[in-house]
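Note sheet for the following structure.
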Amino acid sequence: MEENKDAEATQVIDSATVETAQDEDKKATPSEKHCKKSVKITASIIAAIIVLGAGGGYAYASTRAYGDYEAQVKSAKAINTKLVKKLDDAQNLVKSTKDTDVLDKAVLDSLNASVKSGEAQKGSPKAEDVNKWALWDVSKAKTTVADDISAATKAIGSIDAAMGKVDASKTAKQIKDAKDALNKTIADAETLYKDSEGKVQDDKTRESLKTAIDTAKKTSDDKKSDVKALNAQKDAVSNAVKSVNDSKTAKEQADAEAKAKAEAEEAARQASQQQSQSQTQSYSNTSSRANSGTSTYSAPTQQAQTQQSTPQQSQNQQNSNSNSGGYKLCATFDTSGAEFTATPCN
């Protein structure tokens, strides 16, 4: 195709040269005609060389421009593939992230905007749509592809930045939540430390709790602490709290068992004392009844002796009682302690 174009150009130039020479030959002398003929031949050769050079340069420029265009199209396709992948990652991040997962909701709005912009940059130009030998078309297509590559690259950068902000905001929220949880655990642990004084079976558990609290405070105050470090300290304080609570429970159980034992011993002592008092009282009552029976038994003897010693007095009393219309009662006593009975005397 290049040879045909070069031949056509040469023919055009040669025709123009011949026509010009013919006009001049009509007016020239024979000697001038000879000279002009020589000049004409030389001019034709030079013109042919120029045309051939110009035609070869155009073809070279077109071929080179089209090669650059093909390379740009290849780069554009690679950038487009990267853009599509980045858009998928961004959309997945948007779907998996709630408003409550980030510290600042605005980062999600920014990411959605960058995704929408990136969607408009998807796609790449087709190389076969461009005429290889049309240098102007190739140059124009190169400019279009370059612009597409620039826009796609910018979209990828924008999406990357937006995703980075979302991830950073998520991390910040996680750190805040972890720090809040740690601070609450510390506050509860400090209350337990104060209230558990003298209430644990092993006071070393309280010492360990105090150490854990102090370390956790330093971690919470450190701005470089990450979620892992904060959670680790929270677990350490929680474990120390559990040890103190277990020690408290052990002491409460031990105290309850000691109290129950003391109460049982006191109840046994009181029961023993009551039994002793009951036995003493029973012995005293038995002894008293025995003593009462002896006295009862000796009384009639004394009365009999009295009656024997003073028969006259008894007779007088009997006569007196008879005269007064009364009667005399005689009592019978039992030495066993039973009640006595009174009957009229004979």
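The values are calculated or read from the model by the stated rules, or taken from the named source; none is laboratory data. Remember, it's a predicted structure, so these values are computed and weren't measured experimentally. Note: ideal-geometry Cβ built from the backbone for every residue, glycine included; neighbour counts use all protein chains shown. Side chains are part of the model used for accessible areas, which takes the heavy atoms of the whole protein and leaves out ligands, DNA and RNA. Shrake-Rupley method; radii C 1.70, N 1.55, O 1.52, S 1.80 Å.
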| message | Condition (residue is outside any helix (DSSP H, G or I), within 24 Å of N183 (Cβ to Cβ) and not small (G, A, S)) applied to the range 224-238: is it met by at least one residue? | response | yes
| request: Could you grab the pairs with beta carbons closer than 7 Å, sequence gap of 6+ or different chains, first residue in the range 200-222 and closer than 23 Å to K251 by Cα, second one of a type in the set (K, R) and open to solvent by less than 80 Å² (accessible area, probe 1.4 Å)? | output: V200/R206; V200/K248; V200/K251; Q201/K251
| said: Just the residues that are open to solvent by 30 Å² or more (accessible area, probe 1.4 Å) and either over 19 Å from T153 (Cβ atoms) or outside any helix (DSSP H, G or I) (or both), please, taken from the range 80-102. | reply: Q91, N92, V94, K95, S96, K98, D99, T100, D101
| request: Please go through the range 253-281 and pick out each residue that is farther than 21 Å from K199 by Cα and open to solvent by 100 Å² or more (accessible area, probe 1.4 Å). | output: E263, E265, R269, Q274, Q275, Q277, Q279, Q281
| Of the residues L103, L108, L135, which single one is within 26 Å of D222 (Cβ to Cβ) and of a type in the set (A, V, I, L, M, F, W, C)? | L103
| request: Go over the candidates V115, V200 one by one and state the one that is surrounded by 18 or more Cβ atoms within 10 Å (Cβ to Cβ) and closer than 30 Å to D246 by Cα. | output: V200
| request: From the list S150, S158, pick out the single residue that is part of a helix (DSSP H, G or I), open to solvent by 70 Å² or more (accessible area, probe 1.4 Å), over 22 Å from A229 (Cα atoms) and out of contact with any Leu (no Cβ under 8 Å at 6 or more places or on another chain). | output: S150
| query | Quick one: is K142 part of a helix (DSSP H, G or I) and either within 10 Å of Y69 (Cα to Cα) or under 56 Å from the mean Cα position of the chain (by Cα) (or both)? | reply | yes
| Before we move on, is K105 open to solvent by 60 Å² or more (accessible area, probe 1.4 Å), free of Cβ contacts under 8 Å to residues at least 60 places away in the same chain and on the phi < 0 side of the Ramachandran plot? | yes
